[in-house]
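Engineer: To start, I am sharing the structure in question, which I have written as structure tokens.
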Amino acid sequence: MMTGKNQIGNRRSGGGTKTYRTFNPLLNIENEHEFFEASTEEINEAVFLAADAYITYNQKSGKEKATFLNAIADEILALDDTLIQMYCSESGLPEGRAKGERGRTMGQLRAFAALVEEGSWVEATIDTAIPDRAPVPKPDLRKMMVPLGPVVVFGASNFPLAFSTAGGDTAAALAAGCPVIVKSHPMHSGTGELVAAAVIRAAEKTGMPNGVFSNLNSSGIEVGVQLVQHPQVKAVGFTGSIIGGRALFDLAAQREEPIPVFAEMGSINPVVLLPEALGNRKDQLAKNYAGSITLASGQFCTNPGLLLGIKGEALTNFIQALSAEIVTVEPSCMLHPNIIGAYEKNKQNAIDQSGLTIAADYGEAVAVNHARQTVVTVEGQTFLGNSRLHQEVFGPFSMVVQCADANELEEVIANLEGQLTGTVISDQNEIMNYPMVIAALQNRVGRIIFNGVPTGVEVCPAMQHGGPYPASTDSRFTAVGTQSIKRWVRPFSYQDWPDGLLPNELKNSNPLGILRTINNEPTKAAI
């Protein structure tokens with residue numbers, strides 16, 4: 001039963017006076033359930049509970065945390081059609097997408113469970129003492145990763161499950177040993193309540209401390225601001241716009257004790273289209289990219305919003321093929337009237353810029369809140385001279401930049417802001433003729449793709465989902481994959497500490513059997 005209340009530890013609370021409803025963009029109506037925005041008192045209660053829970057939760061073994069994470073996945077699956085129906089009613093996304101995202105969410109939880117149960121992720125490093133070293137004895141030093149403390153996670157509008165309540169940020173933080181307070185996204189508060197209840201059931205079944213997880217509702221920015229400014233919060237995870245992520249980053253930096261904000265923000269994901277590939281495969285490439293640009297109405301952070309090529313017959317023919325292909329794709333529903341409103345506004349702002357030509361624009365009638373896909377073209381020098389053309393248009397929109405030659409192509413790439421991904425479309429060894437173009441692209445992105453599309457982010461240890469600012473606030477970290485756990489920990493060293501008082505990860509006998517680095521050698525052996 002939907003209550004509309006905040007989940008503060010193991011109890012539900014609706015003490016605030018401000019309420020709101022979610023919206024069904026497919027039906028263009030408000031959903032029936034009313035949600036209570038968290039009050040200041042409820043925010044404080046959730047954070048102080050998390051701080052208390054941290055004292056015991058950060059001492060839980062990897063096996064105990066793994067049992068908790070797997071239990072969350074089980075509880076999410078047990079929600080069955082109730083969760084799927086709520087997801088669809090709040091997002092306008094189809095059932096297949098909902099089930100796919102649920103599977104990804106559960107997969108992330110189980111991947112982190114396996115990671116922490118095995119245990120080597122803590123990067124245990126031991127340098128044994130050399131007491132007779134001259135002229136100064138060498139102490140015994142042992143280092144490992146330890147959790148930061150309570151983490152605030154902001155739910156993402158475009159992924160109600162995989163990047164929200166029990167999504168990647170939450171799974172990584174809980175795996176690290178950090179209690180989590182989720183600032184639920186107002187567009188899918190019902191989905192958030194169902195998942196939050198599943199997390200709490202898992203926590204209670206596995207003996208986790210009260211306060212290890214909370215879920216707070218909000219319709220605006222006030223709850224998020226208070227959470228980031230709260231002195232007991234030690235880190236923040238955010239997926240969303242550049243404006244929102246930067247605002248949180250600045251708030252966190254202005255605190256008496258500044259804290260890290262790991263924000264994954266805007267990206268237009270440049271695609272370099274080399275001429276031989278276009279000449280040989282234009283029709284298949286046009287079909288692939290028409291699908292990628294319009295996938296989920298372009299509401300992916302990896303949407304290919306910028307296609308870069310060298311002027312010539314091959315690029316001209318590709319633009320014609322893409323333009324013909326993309327208008328055959330049936331438009332789909334965007335997440336909310338506000339999002340499609342922003343899409344139409346930003347698209348028009350781009351089109352109004354001098355020098356742009358519309359190559360394709362879906363001209364048929366569409367259902368309410370369904371977005372018309374658009375492809376525009378621009379000359380390389382025009383693009384270089386107008387930074388407004390470099391900005392993301394969130395939705396099914398892409399811009400083709402026609403560069404005069406390889407030097408201009410390199411210059412365009414070098415002048416881009418930081419991006420999540422870059423893609424190279426090449427035939428055989430064609431890429432070998434463009435070393436400086438590839439070097440420039442590598443300097444601007446977090447992940448580079450060969451002969452593919454940027455949409456689709458595999459959840460695995462080698463994934464890098466982040467990039468130079470403003471793709472993310474810290475390009476050293478990923479927001480996807482098990483390596484994302486490193487955002488929520490810090491290195492901690494013990495010097496000359498008695499073996500019996502060391503954590504198991506650092507004891508001489510290596511009771512956990514993990515891989516450690518001992519005197520510069522990776523080994524599972526005891527000392």
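The values are calculated or read from the model by the stated rules, or taken from the named source; none is laboratory data. These numbers were taken from a predicted model, which means no experiment stands behind them. We place every Cβ from the backbone using ideal geometry, glycine too, and count neighbours over all the protein chains shown. Areas reflect the complete protein model, heavy atoms only, side chains present, ligands, DNA and RNA absent. Shrake-Rupley method; radii C 1.70, N 1.55, O 1.52, S 1.80 Å.
Engineer: Let me check I have the definition right: for the range 86-214, take the eigenvalues of the Cα gyration tensor, multiply each by 5, take square roots. What are those semi-axes in whole Å, largest first?
Structural biologist: Values: eigenvalues 322, 41, 32 Å².
For the range 86-214, the semi-axes come out at 40, 14, 13 Å.
Engineer: For residue 267, what accessible surface area do you get with a 1.4 Å probe? Give it in Å², rounded to 10.
Structural biologist: 10 Å²
Engineer: Still on this structure: What figure in square angstrom, to the nearest 10, would you give for the accessible area of residue 185 with a 1.4 Å probe?
Structural biologist: 30 Å²
Engineer: Under the rule of -39500 (n - 2.57) per DSSP H run of 4 or more residues, summed and divided by the residues of the chain, what mean residue ellipticity at 222 nm is obtained, to the nearest 500 deg cm²/dmol? Could you put the intermediate results ahead of the total?
Structural biologist: Working: 14 runs with 188 residues, N = 527.
Dividing the helical sum by the residues of the chain leaves -11500 deg cm²/dmol.
Engineer: Based on the Cβ-Cβ distance of residue 365 and residue 243, what FRET efficiency does E = 1/(1 + (r/R0)^6) give at R0 = 35 Å, to the nearest 0.05? The partial results should precede the final answer.
Structural biologist: Working: r = 32 Å, r/R0 = 0.93.
After rounding to 0.05, the efficiency reads 0.60.
Engineer: Just name one of 221, 439, 108: the one whose Cα is farthest towards the positive end of the charge dipole of the chain (beta-carbon charges, Lys/Arg +1, Asp/Glu -1).
Structural biologist: 108
Engineer: Across the Cα atoms of the range 180-292, what radius of gyration and what greatest pairwise Cα-Cα distance (Dmax) are found, in Å?
Structural biologist: Rg, Dmax (Cα atoms, Å): 20.6, 62.
Engineer: Cross-link candidates for residue 347: which aspartates and glutamates have Cα within less than 16 Å, leaving aside residues fewer than 8 places away along the same chain?
Structural biologist: The qualifying aspartates and glutamates are 361, 392.
Engineer: Here is a further query. Which net charge results for the neighbourhood of residue 253, defined as the other residues with beta-carbon distances under 13 angstrom from its beta-carbon, given Lys and Arg at +1 and Asp and Glu at -1? Please report the intermediate quantities before stating the final value.
Structural biologist: On the way: positive: 246, 255; negative: 250, 256, 257, 474.
Summing Lys and Arg as +1 and Asp and Glu as -1 gives -2.
Engineer: Whenever you get a sec, line up 12, 142, 447 from highest to lowest accessible area (probe 1.4 Å, protein heavy atoms). Don't skip to the end; give the middle numbers.
Structural biologist: On the way: 12 95, 142 15, 447 40 Å².
From most exposed to least exposed: 12, 447, 142.
Engineer: Evaluate Rg over Rh across the range 310-418, taking Cα atoms for both radii and Kirkwood's formula for Rh.
Structural biologist: Values: Rg = 14.7 Å, Rh = 14.8 Å.
With Rg and the Kirkwood Rh in hand, the quotient comes to 0.99.
Engineer: Leaving out ligands, DNA and RNA, and with a 1.4 Å probe, what % of the accessible surface on the chain is carbon or sulfur?
Structural biologist: On the way: 10970 of 21180 Å².
So the carbon and sulfur contribution to the accessible surface is 52 percent.
Engineer: Scan [x] 42, 31, 22; [y] 42, 31, 19; [z] 32, 27, 22 for the value of semi-axes √(5λ) of the Cα gyration tensor in Å calculated from this model and give just the label.
Structural biologist: Read-out taken from this structure: [y].
Engineer: Order 221, 72, 29 by their accessible area, 1.4 angstrom probe, all chains in place, largest first.
Structural biologist: Working: 221 125, 72 0, 29 85 Å².
Output order, biggest surface exposure first: 221, 29, 72.
Engineer: Here's another thing I want to ask about it. Filter the cross-link list 65/205; 183/234; 63/99; 18/183; 143/183 down to pairs whose alpha-carbon distance in this structure exceeds 22 Å. All intermediate terms of the calculation are to be shown ahead of the outcome.
Structural biologist: On the way: 65/205 12 Å; 183/234 15 Å; 63/99 28 Å; 18/183 16 Å; 143/183 33 Å.
Listed pairs above 22 Å: 63/99; 143/183.
Engineer: Can you give the accessible area of residue 494, probe radius 1.4 Å, in Å² rounded to 10?
Structural biologist: 50 Å²
Engineer: So how much slack lies between residue 344 and residue 95, counting 0.36 nm per residue of separation and subtracting their Cα-Cα distance, in nm?
Structural biologist: On the way: separation 249, 0.36 × 249 = 89.64 nm, distance 2.59 nm.
Result: 87.1 nm gained on full extension.
Engineer: Ordering 74, 474 by how much accessible area each has at a 1.4 Å probe, largest first, what is the list? Intermediate values should be presented prior to the final figure.
Structural biologist: Numbers: 74 80, 474 35 Å².
Highest to lowest solvent-accessible surface, that is 74, 474.
Engineer: What is the pair-distance distribution P(r) of the range 375-451, computed from all Cα-Cα distances in 5 Å bins starting at 0, with each bin given as a whole percent?
Structural biologist: Spelled out per bin, shortest first, that is 3, 14, 24, 28, 22, 8, 2, 0.
Engineer: How far, in nm, would the chain grow between residue 19 and residue 74 when pulled straight, counting 0.36 nm per residue and subtracting the alpha carbon separation? Provide the component values of the computation, followed by the final result.
Structural biologist: Working: separation 55, 0.36 × 55 = 19.80 nm, distance 3.10 nm.
Gain on extension, residue 19 to residue 74, equals 16.7 nm.
Engineer: Now a separate question. Using the crude model of +1 on Lys and Arg Cβ and -1 on Asp and Glu Cβ, and no other charge, please compute the dipole size for the chain relative to its Cα centre, in debye to 20.
Structural biologist: Working: 40 positive and 54 negative charges, 192 e Å.
That gives the chain a dipole magnitude of about 920 debye.
Engineer: Continuing with this model, one more query. May I ask you to compute the full-extension gain from residue 351 to residue 521, defined as 0.36 nm times their residue separation minus their alpha-carbon distance, rounded to one decimal in nm? Intermediate values should be presented prior to the final figure.
Structural biologist: Working: separation 170, 0.36 × 170 = 61.20 nm, distance 5.82 nm.
Gain on stretching residue 351 to residue 521: 55.4 nm.
Engineer: Calculate, for the chain, the solvent-accessible area per residue in square angstrom, rolling a 1.4 angstrom probe over the heavy atoms of the protein chains. Walk me through the numbers before you get to the answer.
Structural biologist: Details: 21180 Å² over 527 residues.
Per residue, the chain has 40 Å² of solvent-accessible surface.
Engineer: Same structure, new question: Straight-line reach from residue 138: which lysines have a Cα under 26 Å away, not including same-chain ones fewer than 8 places off?
Structural biologist: Excluding near neighbours in sequence, the set is 507, 524.
Engineer: May I pose another question? Roughly how many nanometres apart are two label points built 7 Å out from the Cα toward the Cβ at residue 27 and residue 253?
Structural biologist: 4.5 nm
Engineer: Over all distinct Cα pairs, what is the inverse of the mean 1/r for the range 6-157, reported as the Kirkwood hydrodynamic radius in Å? Write down the numbers at each step before the final one.
Structural biologist: Numbers: mean 1/r = 0.0510 Å⁻¹.
About 19.6 Å, per the Kirkwood formula over Cα pairs.
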